[in-house]
Amino acid sequence: TCNLTGWWENDLGSKMQVFRVDNDGTFSGEYHTAVSSTVKPIQPSPLTGSQHLDEDGQCTFGFTVNWKKFSDSTAVFVGQCFSGNDGKEVLHTSWLLREKVGSEPDDWRATR
């Protein structure tokens, strides 16, 4: 089965650490992004999520990252864990990032 606990790294050099996955699939951790559009120094950010526990081990999951330590934005990620023939686990994810904007007319540019 796919175990999200531990360190993961993406193609851009960002890393996340999942501390542990509870029996109901909930988890927490920290996200260490390697990319940012803010001028403030990047800092590790808390994440919370939920994993769908499947018997075949190729689970789906989702988590939220609050960049509150250096940015006024929040990101959500959804994905699936795949266990390859070599036993290596790989995560495939998609994400949305919501930045804070100053007014409702600017809402159109707030989500990436």
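The values are calculated or read from the model by the stated rules, or taken from the named source; none is laboratory data. Since we're looking at a predicted model, the values are computed, not measured. Note: ideal-geometry Cβ built from the backbone for every residue, glycine included; neighbour counts use all protein chains shown. For accessibility, only protein heavy atoms count, side chains too; no ligands or nucleic acids. Shrake-Rupley method; radii C 1.70, N 1.55, O 1.52, S 1.80 Å.
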Could you state the accessible area per residue of the chain in Å², with a 1.4 Å probe and every protein chain left in place? 66
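Taking 0.36 nm per intervening residue step and subtracting the Cα-Cα distance, what contour gain separates ASN66 from ASP54 on full extension?
Roughly 1.6 nm would be gained on extension.
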P(r) for segment 1-83: what percent of alpha-carbon pairs falls in each 10 Å bin, starting at zero? 18, 50, 25, 7, 0
Would you count, across segment 21-112, every pair of lysines whose alpha carbons are under 26 angstrom apart, provided the pair is eight or more residues apart or spans two chains? 5
Identify the trypsin sites (Lys or Arg not before Pro) of segment 18-110 meeting these criteria: DSSP loop state and at most 15 other C-beta atoms within 10 Å of the C-beta. LYS68, LYS69, LYS88, LYS100
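Give me Rg over Rh for segment 42-112, both radii from the alpha carbons and Rh done the Kirkwood way, two decimal places.
1.11
Considering only protein heavy atoms and a 1.4 Å probe, what is the carbon-and-sulfur percentage of the accessible area of segment 6-90? The partial results should precede the final answer.
On the way: 2530 of 5180 Å².
Taking all protein chains in place, segment 6-90 shows 49 percent carbon and sulfur surface.
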Assigned charges on the beta-carbon of Lys, Arg, Asp, Glu; the chain dipole about Cα centre (debye): 540
Listed residues GLU55, GLU99, GLU89; largest mean-square fluctuation, Gaussian network over the chain with Cα springs below 10 Å, found at GLU55
